[in-house]
1. Tell me, yes or no, whether region 80-89 has at least one residue that is in contact (Cβ under 8 Å) with a residue 24 or more places away in the chain, among the hydrophobic types (A, V, I, L, M, F, W, C) and open to solvent by 50 Å² or more (accessible area, probe 1.4 Å).
2. Being in contact with a Ser or Thr (Cβ under 6 Å, 6 or more places away or on another chain) and farther than 20 Å from SER49 by Cβ narrows it down to one of LEU149, LEU141, so name that one.
3. Could you tell me how many of the residues in region 114-159 are under 22 Å from ARG96 (Cα atoms), β-branched (Val, Ile, Thr) and open to solvent by 90 Å² or more (accessible area, probe 1.4 Å)?
4. If you go through region 110-159 one residue at a time, how many are polar (S, T, N, Q) and either closer than 21 Å to ILE65 by Cβ or not in a helix (DSSP H, G or I) (or both)?
5. Being hydroxyl-bearing (Ser, Thr, Tyr) and within 14 Å of CYS134 (Cα to Cα) is the filter; apply it to region 70-124 and report the residue that is farthest from the chain's Cα centre (by Cα).
6. Name the residues in region 43-59 that are surrounded by 19 or more Cβ atoms within 10 Å (Cβ to Cβ) and under 20 Å from VAL79 (Cβ atoms), would you?
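The values are calculated or read from the model by the stated rules, or taken from the named source; none is laboratory data. None of the values given here were measured: they were computed from a predicted structure. Note that each Cβ is placed from the backbone with ideal geometry, even for glycine, and that neighbours are counted across all protein chains shown. Calculation scope for accessible area: heavy atoms of the full protein, side chains included, ligands and nucleic acids excluded. Shrake-Rupley method; radii C 1.70, N 1.55, O 1.52, S 1.80 Å.
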Amino acid sequence: MGTQSNLWLAHLYVPIQFVLLAANYFVSFKKPLLKCGVAVVVAGLVLVSIANAFLGEGITQMNSIPRVLESILLIGMAVLYFYQTLQNFNHTYLDRDPMFVLSCGVLIYFAGTSMAYAMFNQALAESYDAARICLTINLVLNIFFNSVLMMALTRTPVR
């Protein structure tokens, strides 16, 4: 009995992850223009993900283009959140702000994994060992990001 590729799941995971993380920024942004921008980029990334799955790399390849685009957009949202926090600074301890913790994690995780995801398909064509290096980078940073998500959740006030 052979194995089948499960890369098609990544084509679902990227838009779902992006929508969930972008929703946090949507709620956190104060300016209507930023909220509108988040809604537009969410729709754009979902459309790019669908087009890439059926017209681009296909569902049998790693979805490198949507992942790199997701990374760029989330890093941009994190930087905008930092700018908004700087403009309206009212926190005594920034490490208690769940969105600040999340934004720090977004910067590290998505900056670190974007190149590994971008190079995965070419690395896999080269050798399995090169692809394993890309996956190892992603897996280590994924553990880090899940820890950051846990820290952000523990800092979220219960209402």
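1. Initially, region 80-89 is screened for residues in contact (Cβ under 8 Å) with a residue 24 or more places away in the chain, giving 80-81, 84, 88.
Add one more test, that the residue is among the hydrophobic types (A, V, I, L, M, F, W, C), and what stays is 80.
Filter once more, keeping what is open to solvent by 50 Å² or more (accessible area, probe 1.4 Å): 80.
Yes; the residues of region 80-89 include at least one that is in contact (Cβ under 8 Å) with a residue 24 or more places away in the chain, among the hydrophobic types (A, V, I, L, M, F, W, C) and open to solvent by 50 Å² or more (accessible area, probe 1.4 Å).
2. Working: LEU149 fails: in contact with a Ser or Thr (Cβ under 6 Å, 6 or more places away or on another chain).
Every option except LEU141 fails the conditions.
3. Number of matching residues: 3.
4. If we filter region 110-159 for residues that are polar (S, T, N, Q), which is where we start, we get 113-114, 121-122, 127, 136, 138, 142, 146-147, 154, 156.
Cutting the leftovers down to either closer than 21 Å to ILE65 by Cβ or not in a helix (DSSP H, G or I) (or both) gives us 113-114, 121-122, 127, 138, 142, 156.
Summing the residues that are polar (S, T, N, Q) and either closer than 21 Å to ILE65 by Cβ or not in a helix (DSSP H, G or I) (or both) in region 110-159 gives 8.
5. Taking region 70-124 first, the residues hydroxyl-bearing (Ser, Thr, Tyr) are 71, 81, 83, 85, 92-93, 103, 109, 113-114, 117.
If we keep only those that are within 14 Å of CYS134 (Cα to Cα) too, we end up with 109, 113-114, 117.
On the way: TYR109: 8, THR113: 9, SER114: 9, TYR117: 12 Å.
Checked region 70-124; the qualifying residue farthest from the chain's Cα centre (by Cα) is TYR117.
6. Residue satisfying the conditions is LEU45 alone.
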